[in-house]
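Below: the structure, in structure tokens.
The values are calculated or read from the model by the stated rules, or taken from the named source; none is laboratory data. Note that this is a predicted model, so its numbers are computed, not measured. With ideal geometry, Cβ positions are generated from the backbone for all residues, glycine too; neighbour counts draw on all protein chains shown.
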Amino acid sequence: MSDISIKITDRNGTLHKIQAPTDMAMNIMEIVRSYELAEEGTIGVCGGMAMCASCQCYVNSNHKLPEMSPDEDLMLAEAFHVKDNSRLGCQIHINEALDGLEIELAPES
Amino acid sequence: MIKTDILIIGAGPTGLFTVFEAGLLKLKCHLIDALPQPGGQCSEIYPKKPIYDIPAYPEILAGDLTTKLLEQIASFQPGFTLGERAETIEKLEDNTFIVTTNKGTKHHAPVVAIAGGLGSFEPRKPPIPNITNFEDTGVEYIIRDPEMYRNKKVVIAGGGDSALDWAIFLTDVATEVSLVHRRNEFRGALDSVDKVQELKDAGKINMITPAEVTGILGDKKVTGVSITKNGEEKITLEVDHFIPLFGLSPKLGPIANWGLDIEKNAIKVNNALDYQTNIPGIYAIGDVNTYPGKLKLILCGFHEATLMCQSAYKRIHPNKKYVMKYTTVGGVEGFDGSKKEAPKAVIKKIE
């Protein structure tokens, strides 16, 4: 098990190249919080249950991501600033196949 | 004026459990919460989700945890100001506090415990540039008085339970009800979805899906909305009211202006002692506070509430002696006259 590299553009447009562990069952939302790339209280509000859309992000690389669950799909249907490449960060689990992933955090809403 | 010993801001699990610990010390509590029901996030966001780290409950639904806490504190007769947000705080000369809500309800207490979680739940507003111009003149994020829609044309946007339930309810009140959602599927309870289908088939709800309200028309008040359907020309719908129902999100809100030390959207407290803030007499417990090593867990909130109550007791009764008593020994004496205690041992001689 090794770390993977991820590029995350925060809500101010700053690019962060960070290392994410693959062995701690973490997801993108948690990685963002662990590096404090978004203000505490503005991301992961529901804790990661796909029930609030505060961790919405845009996926800008061509990685094959897990299929969207109906919960995630319908939560995004009620979120704002949604684009075709929108996902909920809490539903993307870190694994080795995601090495080099590039994402951008959606605006706070 | 509502008077109490400990005024608790936030009726989530931490705030509710505070009532119990305070009750053991014979201190009365009153709770304020912006939501219309107690339970905080547990009842508002995830009542049907299981929690696995409440000691002695291998698994409990968040909604059931709220119910159990209310049962546990019932004999201490807590007061509630629900559906109102704590807006201002005033410290009086005798070091007591008056907290006033957005509706003007005043509360007076010697101790204030902020158990506000991530803040008070505010409606999520869709990013339509001129939407704030129409608040109170045709745009409502929360339905407070359904009668205001009588004989009016309304459009509701959203895909959850509240959008479905209000669409159903308003068919009997409004002349025209339209429901706009970005999907054909809805997240709400199955019977609500079925009911909306029935009303749509009967021509009573005008369903516009998959689509989005992208503009608001009108001069001084709402006269219509523009709706964008996937890949089609914008359409205009004449309406008197636009009701966006996209759920609630927590915001720290007015508490941020109370002169408390705030760090990372949370209130700094003294965790070495009693979870008091920089203002003596105001405590912050549960998810709303921060200190080195803070974990936002319900079980940590329970612990913080317990220590806070001991400190509150000393503040309210500075000269009274007291040592903590186990409930197994002292039982639980409610303010309603009830008493729970361990059954007396039966002594019987062996012949």
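Given the structure, is B:Asn151 in a helix (DSSP H, G or I), over 19 Å from the mean Cα position of the chain (by Cα) and not hydroxyl-bearing (Ser, Thr, Tyr)?
On the way: in a helix (DSSP H, G or I): no; over 19 Å from the mean Cα position of the chain (by Cα): yes; not hydroxyl-bearing (Ser, Thr, Tyr): yes.
Criteria not met by B:Asn151.
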- Restricted to the stretch B:120-148, and to residues that are of a type in the set (A, V, I, L, M), in a loop (DSSP other than H, G, I, E, B) and away from chain A (no Cβ under 14 Å), which residue is surrounded by the fewest Cβ atoms within 10 Å (Cβ to Cβ)? B:Ile142
- Among the candidates B:Ala345, B:Ala272, B:Ala305, B:Ala266, which residue alone is over 26 Å from the mean Cα position of the chain (by Cα), within 30 Å of A:Ile43 (Cβ to Cβ) and among the hydrophobic types (A, V, I, L, M, F, W, C)? B:Ala272
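Let's see how each residue does on (1) loosely packed, with under 15 Cβ neighbours inside 10 Å; (2) part of a strand (DSSP E or B); (3) in contact with a Cys (Cβ under 6 Å, 6 or more places away or on another chain):
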{"residue": "B:Thr66", "(1), (2), (3)": "no, no, yes"}
{"residue": "B:Leu69", "(1), (2), (3)": "no, no, no"}
{"residue": "B:Gln72", "(1), (2), (3)": "no, no, no"}
{"residue": "B:Ser75", "(1), (2), (3)": "no, no, no"}
{"residue": "B:Glu84", "(1), (2), (3)": "no, no, no"}
{"residue": "B:Thr88", "(1), (2), (3)": "yes, yes, no"}
{"residue": "B:Glu93", "(1), (2), (3)": "yes, no, no"}
{"residue": "B:Thr100", "(1), (2), (3)": "no, yes, no"}
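It is to be established whether one or more residues within the stretch A:71-78 are surrounded by 14 or more Cβ atoms within 10 Å (Cβ to Cβ) and touching a Pro at 6+ places or on another chain (Cβ under 9 Å).
In the first step, residues of the stretch A:71-78 are kept if they are surrounded by 14 or more Cβ atoms within 10 Å (Cβ to Cβ); the result is A:71-78.
Those left that are additionally touching a Pro at 6+ places or on another chain (Cβ under 9 Å): A:77.
Checked the stretch A:71-78: at least one residue is surrounded by 14 or more Cβ atoms within 10 Å (Cβ to Cβ) and touching a Pro at 6+ places or on another chain (Cβ under 9 Å).
Table: residues versus (1) closer than 20 Å to A:Glu78 by Cβ; (2) part of a strand (DSSP E or B); (3) touching a residue at least 24 places away in the same chain (Cβ under 8 Å).
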{"site": "B:Leu164", "(1), (2), (3)": "yes, no, yes"}
{"site": "B:Ala174", "(1), (2), (3)": "no, no, yes"}
{"site": "B:Arg182", "(1), (2), (3)": "yes, no, yes"}
{"site": "B:Glu185", "(1), (2), (3)": "yes, no, yes"}
{"site": "B:Glu198", "(1), (2), (3)": "no, no, no"}
{"site": "B:Asn206", "(1), (2), (3)": "yes, yes, yes"}
{"site": "B:Glu212", "(1), (2), (3)": "yes, yes, yes"}
{"site": "B:Lys220", "(1), (2), (3)": "no, no, yes"}
- Message: If A:Lys64 satisfies all but one of (1) in contact (Cβ under 8 Å) with a residue 24 or more places away in the chain; (2) surrounded by fewer than 14 Cβ atoms within 10 Å (Cβ to Cβ); (3) at the interface with chain B (Cβ under 10 Å from one of its Cβ atoms), what's the number of the condition it fails?
- Response: (3)
- B:Glu198 being over 28 Å from the mean Cα position of the chain (by Cα), farther than 19 Å from B:Glu140 by Cβ and either aliphatic (A, V, I, L, M) or at pLDDT 95 or above (or both): yes
- Flag for B:Lys320 being without any contact (Cβ under 8 Å) to a residue 12 or more places away in the chain and surrounded by fewer than 15 Cβ atoms within 10 Å (Cβ to Cβ): yes
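Condition check: more than 14 Å from chain B (Cβ to nearest Cβ) and at pLDDT 95 or above. Does A:Ser86 satisfy that? Please lay out each step first, then the result.
Numbers: more than 14 Å from chain B (Cβ to nearest Cβ): no; at pLDDT 95 or above: yes.
Here the answer is no, as A:Ser86 does not meet what is asked.
Do we find that A:Leu37 is over 25 Å from B:Pro129 (Cα atoms) and surrounded by fewer than 21 Cβ atoms within 10 Å (Cβ to Cβ) in this structure? Before you say what the answer is, go through the steps one by one.
Details: over 25 Å from B:Pro129 (Cα atoms): yes; surrounded by fewer than 21 Cβ atoms within 10 Å (Cβ to Cβ): yes.
Answer is yes for this residue.
Does the stretch B:41-52 hold any residues that are within 12 Å of chain A (Cβ to nearest Cβ) and either in a loop (DSSP other than H, G, I, E, B) or surrounded by fewer than 18 Cβ atoms within 10 Å (Cβ to Cβ) (or both), and which are they? It would help to see each step written out before you state the result.
Restricting attention to the stretch B:41-52, the residues satisfying the condition of being within 12 Å of chain A (Cβ to nearest Cβ) are B:41-42, B:44-51.
Correct list: B:Ile45, B:Tyr46, B:Pro47, B:Lys48, B:Lys49, B:Pro50.
Yes/no per residue for (1) under 27 Å from B:Ile60 (Cβ atoms); (2) among the small types (Gly, Ala, Ser):
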{"site": "B:Thr277", "(1), (2)": "no, no"}
{"site": "B:Asn289", "(1), (2)": "yes, no"}
{"site": "B:Tyr313", "(1), (2)": "no, no"}
{"site": "B:Gly330", "(1), (2)": "yes, yes"}
{"site": "B:Lys344", "(1), (2)": "no, no"}
- Message: Among the residues in the stretch B:228-248, are any within 28 Å of B:Val99 (Cβ to Cβ) and either basic (Lys, Arg) or under 26 Å from the mean Cα position of the chain (by Cα) (or both)?
- Response: yes
- Quick check: is even one residue across the stretch A:13-33 more than 13 Å from the chain's Cα centre (by Cα), within 14 Å of chain B (Cβ to nearest Cβ) and among the acidic types (Asp, Glu)? no
- Residue list for the stretch B:284-303, restricted to those being closer than 15 Å to B:Leu16 by Cβ and either in contact with a Leu (Cβ under 6 Å, 6 or more places away or on another chain) or touching a residue at least 24 places away in the same chain (Cβ under 8 Å) (or both): B:Ile285, B:Gly286, B:Asp287, B:Val288, B:Ile298, B:Leu299, B:Gly301, B:Phe302
- Query: Does the stretch A:102-109 contain at least one residue that is assigned to a loop (DSSP other than H, G, I, E, B) and more than 14 Å from chain B (Cβ to nearest Cβ)?
  - Reply: no
- Message: Tally up the residues in the stretch B:230-267 that are modelled with pLDDT under 90 and away from every other protein chain (no Cβ under 13 Å), please.
- Response: 2
